[in-house]
There are 2 protein chains.
Amino acid sequence: MSETTRLVEVRQRVLKHNDTVARALRARFRETGTYVVSLVSSPGSGKTAFLEDLLTRLRDRHRVAALVGDLATDNDARRLARSRVPVRQITTGTVCHLEAEMVASALEGWDLEGLDLLFIENVGNLVCPSTFDLGEDLRLVLFSVTEGEDKPLKYPTIFHTADVALITKTDLAEAVGFDAASAHRSIQSVRPGMEVFEVSAKTGAGMERWLDSLRSRLAASPSDRENYPASP
Amino acid sequence: MSETTRLVEVRQRVLKHNDTVARALRARFRETGTYVVSLVSSPGSGKTAFLEDLLTRLRDRHRVAALVGDLATDNDARRLARSRVPVRQITTGTVCHLEAEMVASALEGWDLEGLDLLFIENVGNLVCPSTFDLGEDLRLVLFSVTEGEDKPLKYPTIFHTADVALITKTDLAEAVGFDAASAHRSIQSVRPGMEVFEVSAKTGAGMERWLDSLRSRLAASPSDRENYPASP
């Protein structure tokens with residue numbers, strides 16, 4: 001038990017250090033006018049497919065880029081590269097989440113002033129990423145219709161620490177007998193008032209509605225954006 | 001960085017302590033002739049549906065029970081209780097995996113000598129559970145056809161530490177365009193020779209083939225089973 005207490009103490013120091021680095025990152029993003037969106041979800045809930053579609057839709061009107069975290073392989077970075085925006089991979093080894101320092105290192109040498117929007121795809125995990133601030137403006141939690149309507153009840157912390165929920169793979173809703181009302185009830189009981197979007201990266205359903213919301217947030221963000229207007 | 005080093009050190013002590021408890025558990029299971037199977041997977045890959053079906057198929061010929069780990073809620077335990085075998089919930093709070101000590105506590109007061117088979121469903125997570133021995137005889141890693149064929153490449157450690165892989169939700173294979181050959185290649189490249197079963201708890205496809213394999217393992221296990229024959 002004393003080992004557990006010690007682990008908790010060390011974890012708290014790690015989190016405190018992470019918060020310091022995240023705060024510096026956030027200040028830097030604000031300065032360069034870069035709006036940062038992170039994505040968390042369990043493995044296989046469709047983060048990469050969603051992000052690939054999103055980057056493709058955004059790239060003509062905004063300067064966008066992405067960082068993608070994985071334990072091993074650069075499969076996701078290679079998939080995202082098909083959207084023809086700058087992408088960098090963060091390989092975490094055995095670490096089950098991204099930390100602010102990993103983001104800071106991955107950004108070395110990047111001209112953030114040239115970026116309107118940066119997406120950070122976290123490692124697929126519904127637990128560990130929740131307590132690590134990455135300096136983002138907006139955190140999205142994704143879960144797919146194939147995962148079960150009670151996911152928010154079973155992983156409440158990740159929903160508490162996210163800003164927006166996205167229900168993905170809605171094209172499979174009928175095949176899996178997805179109960180949308182029950183899923184929405186689960187989300188609202190964990191996080192009352194949470195904004196929820198239903199999307200399918202495969203068919204494109206719901207993507208424009210979500211994009212409108214993202215653009216409104218972008219326009220309302222306090223970043224010093226007038227100096228860095230969106231590309232034509 | 002020194003915080004990280006300290007975290008690694010404390011984690012190693014926690015793992016060492018876990019190994020000690022797991023060793024004692026394993027000795028106890030052997031003594032009582034209880035064959036123990038643990039299940040790991042990402043959230044939503046169908047562990048509970050698979051286990052509910054499995055328990056129902058086993059209960060007439062074997063004395064079976066289950067422990068189920070979750071961060072919050074006893075939804076899974078209630079689902080498993082429909083199979084009418086003894087089920088206990090382990091609620092981990094914010095901990096992303098089960099530890100041997102949690103299993104030991106959950107078993108307090110249970111008559112293991114009355115059990116042929118004990119299933120332990122881990123928290124939905126493809127990273128954290130991999131390094132925690134629970135004293136099990138067999139570890140199953142599940143991943144569903146909706147999660148992407150490259151899951152084993154992206155989460156190699158969990159495949160390294162598991163004994164058998166189960167591809168679940170095969171009833172959805174066509175709807176998601178699942179490439180079985182590619183999934184099998186991914187598994188074999190991470191863990192050459194790994195035994196793989198394709199199952200659907202919904203249609204029952206593949207369940208009997210997997211069950212035959214489980215029964216062979218059970219028969220071949222070194223547990224002192226002759227004293228505790230399977231119920232008629």
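The values are calculated or read from the model by the stated rules, or taken from the named source; none is laboratory data. All values derive from a computational prediction rather than experimental measurement. Because the Cβ atoms are built from the backbone with ideal geometry, glycine has one as well, and the counts that use them run over all protein chains shown.
What is the number of the single condition among (1) in a loop (DSSP other than H, G, I, E, B); (2) touching a helix residue (DSSP H, G or I) at 6+ places or on another chain (Cβ under 9 Å); (3) away from chain A (no Cβ under 14 Å); (4) over 23 Å from residue B:25 (Cβ atoms) that residue B:200 does not meet?
The one condition residue B:200 does not meet is (3).
I'd like to verify a number: residues in the range A:49-81 that are within 11 Å of another protein chain (Cβ to nearest Cβ), under 16 Å from the mean Cα position of the chain (by Cα) and either surrounded by fewer than 23 Cβ atoms within 10 Å (Cβ to Cβ) or acidic (Asp, Glu) (or both), how many?
The number of residues fulfilling the criteria is 3.
Going by the structure shown, is residue B:68 touching a helix residue (DSSP H, G or I) at 6+ places or on another chain (Cβ under 6 Å), more than 24 Å from residue A:155 (Cβ to Cβ) and not small (Gly, Ala, Ser)?
So residue B:68 fails the test.
Test of understanding: among A:23, A:28, which residue is out of contact with any Asp or Glu (no Cβ under 9 Å at 6 or more places or on another chain), within 28 Å of residue A:160 (Cβ to Cβ), among the charged types (D, E, K, R) and at pLDDT 95 or above?
Exactly one of A:23, A:28 is out of contact with any Asp or Glu (no Cβ under 9 Å at 6 or more places or on another chain), within 28 Å of residue A:160 (Cβ to Cβ), among the charged types (D, E, K, R) and at pLDDT 95 or above, namely A:28.
Given A:146, A:161, A:157, which one is among the polar types (S, T, N, Q), within 22 Å of residue A:185 (Cβ to Cβ) and away from chain B (no Cβ under 11 Å)?
Step by step, each of A:146, A:161, A:157 is checked, and only A:161 is among the polar types (S, T, N, Q), within 22 Å of residue A:185 (Cβ to Cβ) and away from chain B (no Cβ under 11 Å).
Rundown of residues vs (1) under 19 Å from the mean Cα position of the chain (by Cα); (2) within 14 Å of residue B:50 (Cα to Cα); (3) surrounded by 17 or more Cβ atoms within 10 Å (Cβ to Cβ), yes/no style:
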site	(1), (2), (3)
B:128	yes, no, yes
B:132	yes, no, yes
B:142	yes, yes, yes
B:147	yes, no, yes
B:154	no, no, yes
B:159	yes, no, yes
B:192	no, no, no
B:195	yes, no, no
B:206	yes, yes, yes
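Of all the residues that make up the range A:99-119, how many are of a type in the set (Asp, Glu) and assigned to a loop (DSSP other than H, G, I, E, B)?
Residues that pass the stated criteria total 4.
Would you confirm, using the coordinates I've provided, whether residue A:3 is acidic (Asp, Glu) and at pLDDT 95 or above?
Criteria not met by residue A:3.
Which pairs do you get when a residue that is on the phi > 0 side of the Ramachandran plot, found in the range A:60-87, comes within reach of a residue that is among the basic types (Lys, Arg), reach meaning Cβ atoms under 6 angstrom, with the pair 6+ apart or on two chains?
A:73/B:154
If you take the residues of the range B:21-43 that are hydroxyl-bearing (Ser, Thr, Tyr) and within 11 Å of chain A (Cβ to nearest Cβ), which of them is farthest from residue A:41 (Cα to Cα)?
B:41
Checking the condition of a type in the set (A, V, I, L, M, F, W, C), in contact (Cβ under 8 Å) with a residue 40 or more places away in the chain and within 13 Å of chain B (Cβ to nearest Cβ), which residue from A:95, A:103, A:127, A:141 passes?
A:141
How many residues does the range B:170-197 contain that are aromatic (Phe, Trp, Tyr) and part of a loop (DSSP other than H, G, I, E, B)?
Looking only at that region, the number is 1.
Which members of the range A:119-149 meet the condition of being aliphatic (A, V, I, L, M) and more than 19 Å from residue A:36 (Cα to Cα)?
Across the range A:119-149, the qualifying residues are A:126, A:127, A:145.
Please go through the range A:164-175 and give me each residue that is buried (at least 23 other Cβ atoms within 10 Å of the Cβ) and either within 13 Å of chain B (Cβ to nearest Cβ) or of a type in the set (S, T, N, Q) (or both), ordered by number.
The answer is A:167, A:168, A:169.
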